[in-house]
Each structure stands twice: as C-alpha cells, then as structure tokens.
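*Asks:* Mind having a look at this structure? Questions to follow.
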C-alpha cells in the first residue's frame with residue numbers, strides 16, 4: 001500500500017515519518033501524476049490558504065478532486081480539514097479555493113491565535129467501543145479550525161462543548177471528529193494495513 005501526503009506546505013514531513021514508522025510506503029505529492037496508484041491521501045496541517053494557492057499553481061485541483069471522487073480515503077489534519085470541507089467561514093479576504101468532498105462547514109482558526117492554544121481530555125466513546133481503546137483521547141488545539149455544521153451523511157464521533165466566551169460566534173459545541181459514510185475500523189484499516 002502507498003499513501004500520499006500533500007507536500008506543498010505545512011507538516012507533511014511529520015506525516016511522512018509517521019507513515020514510514022508504521023511500515024507504510026509514503027509518497028510526497030506535489031504534482032497531479034503522483035496521485036496515480038495511491039491507496040489513500042493525507043492533507044496535512046499548515047496554512048490552508050497557502051496550500052490552496054500552491055495546489056492551484058501546480059494544477060493539482062482537478063487531480064485531487066478526481067482522487068476524492070474515486071472513493072479512496074483522504075485524511076485532513078487541521079489545515080487539511082479546511083481544504084477538504086465543502087464550505088469554510090472565517091477565511092482570509094478574497095477567500096480560498098476548497099477541494100471539498102466533506103459535507104461540513106469549517107470555521108478557520110476558530111479557537112484564536114497560538115496564544116489561545118490548549119489541551120483537553122476529549123470523550124470519544126466510538127473509539128473505545130469499536131477499537132477497544134480508552135474512552136477519552138488527548139485533544140490539542142493550536143490555532144485550530146472547528147467544524148460548526150455537518151450534513152446528513154456525516155457520523156459525528158466527538159464534540160467539544162464551548163465556554164461562554166467561545167459561543168459568541170458559534171453554536172454551543174463544535175464537532176471535532178467526524179467521518180463521512182465510513183466506520184472507524186475502515187478508516188484505521190485504510191491507513192494502517
């Protein structure tokens with residue numbers, strides 16, 4: 001199995017290293033033709049506007065959309081989530097092109113600047129039930145986006161209740177982990193076997 005990591009900007013090296021540590025062939029993706037033959041794709045954290053501009057410059061959008069419509073798994077981490085969302089709010093002036101494909105609305109930099117970063121133990125019962133793991137996981141929020149809405153095809157796995165100061169521009173909770181028509185076991189298997 002070969003998993004690609006979009007290597008335009010951001011934390012692609014860390015994702016490549018993690019995949020290789022798991023024994024997975026990891027491929028840095030910078031050109032459309034590099035998507036051929038991949039089993040899955042990871043779009044890493046970084047700066048989503050820059051990532052989108054570089055993807056446009058390298059003529060990657062059509063190939064990425066075709067890859068996404070093929071049914072192969074795509075994982076988006078932080079900026080990657082923004083990139084994959086069907087709709088984004090809080091984007092920079094002039095907006096940014098989104099890859100789309102995930103039936104959600106993402107609020108970019110929802111949790112503020114790096115000074116507002118924090119960590120919490122987040123209940124994720126589905127992981128304990130389906131994977132035999134702990135019922136909570138450590139969640140780290142560093143200039144993090146938030147999913148503020150999902151469509152009917154999305155299974156929500158975890159939510160984070162907001163403080164009163166955070167609800168001024170949002171619902172009372174935000175969705176942190178979600179999957180589109182795929183089980184946790186399928187997702188884990190897609191990237192680890």
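*Asks:* Taking the alpha-carbon centroid of each part, what is the distance from the range 73-116 to the range 1-58 in angstrom?
*Replies:* That distance is 17 Å.
*Asks:* Given R₀ = 41 Å, FRET efficiency for residue 72-residue 114 by Cβ-Cβ distance, to 0.05?
*Replies:* Plugging the Cβ-Cβ distance into 1/(1 + (r/R0)^6) gives 0.80.
*Asks:* Now, a different point. With only alpha-carbon atoms counted, please give the Rg and Dmax of the range 55-160, in Å.
*Replies:* 15.3, 45
*Asks:* While we're on this one: Which of 157, 6 comes first, and how do the rest follow, when ranked by fewest Cβ neighbours within 10 Å? Could you put the intermediate results ahead of the total?
*Replies:* Numbers: 157 16, 6 29.
Listed from fewest to most nearby Cβ atoms, that is 157, 6.
*Asks:* Need one number: nm distance between label points at residue 89 and residue 2, each 7 Å from Cα along Cα→Cβ, rounded to one decimal.
*Replies:* 4.1
*Asks:* Something else now. Which FRET efficiency value, to the nearest 0.05, do you get for residue 136 and residue 20 by plugging their Cβ-Cβ distance into 1/(1 + (r/R0)^6) with R0 = 30 Å?
*Replies:* Numbers: r = 28 Å, r/R0 = 0.95.
With R0 = 30 Å, the Cβ-Cβ based efficiency is 0.60.
*Asks:* Sort the range 49-96 into rounded, prolate or oblate with this rule: let a ≥ b ≥ c be the square roots of the eigenvalues of the Cα gyration tensor; rounded if a/c is under 1.5, and if a/c is not under 1.5, prolate when a/b is larger than b/c, oblate otherwise.
*Replies:* oblate
*Asks:* Hey, fewest Cβ within 10 Å first, where do 115, 122 land in order?
*Replies:* Ranking 115, 122 by Cβ neighbours within 10 Å, fewest first, gives 115, 122.
*Asks:* For a quick check: sort 155, 121, 33 by the number of other beta carbons within 10 angstrom, fewest at the front. Spell out each step's value before the answer.
*Replies:* Details: 155 14, 121 11, 33 7.
Sorted ascending by nearby Cβ count, the order is 33, 121, 155.
We did not get these values from a lab; they are worked out from the coordinates using the rules stated. Keep in mind it's a predicted model, so treat the numbers as computed, not measured. All Cβ positions, glycine included, derive from the backbone under ideal geometry; neighbour counts span all protein chains shown.
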